[in-house]
Amino acid sequence: MTKLPLGMLPRGLSREQAAEYCGCGSVSSFDDWVRKGIVPRAMRGTNRWDRKAIDRALDRHSGLASEPGRSFEEWAAEHMS
């Protein structure tokens, strides 16, 4: 098994890695997020989650990616207060 360079995250995450990456307290909490559609299911034909797909789903769910052209500062002013 090869090791990735320091600081490089794998793109395909196991269920446990995906749960940790999302900040879920447990795998069962992550499974709830999947059932609720907050994050996508594993990639078709695998038991791996695409890290970039998780990022995009969380961006959409948080409202960060909901309005093209909107700056991060505008989003932060609305969501961080």
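The values are calculated or read from the model by the stated rules, or taken from the named source; none is laboratory data. As the structure is a prediction and not an experimental result, all values here were calculated from the model. Note that each Cβ is placed from the backbone with ideal geometry, even for glycine, and that neighbours are counted across all protein chains shown. To get the accessible areas, we keep the full protein, side chains included, count just its heavy atoms, and leave off ligands, DNA and RNA. Shrake-Rupley method; radii C 1.70, N 1.55, O 1.52, S 1.80 Å.
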key: Selection within the range 4-16 - open to solvent by 80 Å² or more (accessible area, probe 1.4 Å) and either of a type in the set (Ser, Thr, Tyr) or within 18 Å of THR46 (Cβ to Cβ) (or both)   = LEU9, ARG11, ARG15, GLU16
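Here's the yes/no breakdown for (1) at pLDDT 95 or above; (2) more than 16 Å from the chain's Cα centre (by Cα); (3) surrounded by fewer than 11 Cβ atoms within 10 Å (Cβ to Cβ):
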site: ALA19; (1), (2), (3): yes, no, no
site: SER28; (1), (2), (3): yes, no, yes
site: TRP49; (1), (2), (3): yes, no, no
site: ARG60; (1), (2), (3): no, no, no
site: PRO68; (1), (2), (3): no, yes, yes
site: SER71; (1), (2), (3): no, yes, yes
site: TRP75; (1), (2), (3): no, yes, no
message = Regarding the range 33-45, can at least one residue be identified that is at pLDDT 95 or above, within 13 Å of ALA18 (Cα to Cα) and in a helix (DSSP H, G or I)?
response = yes
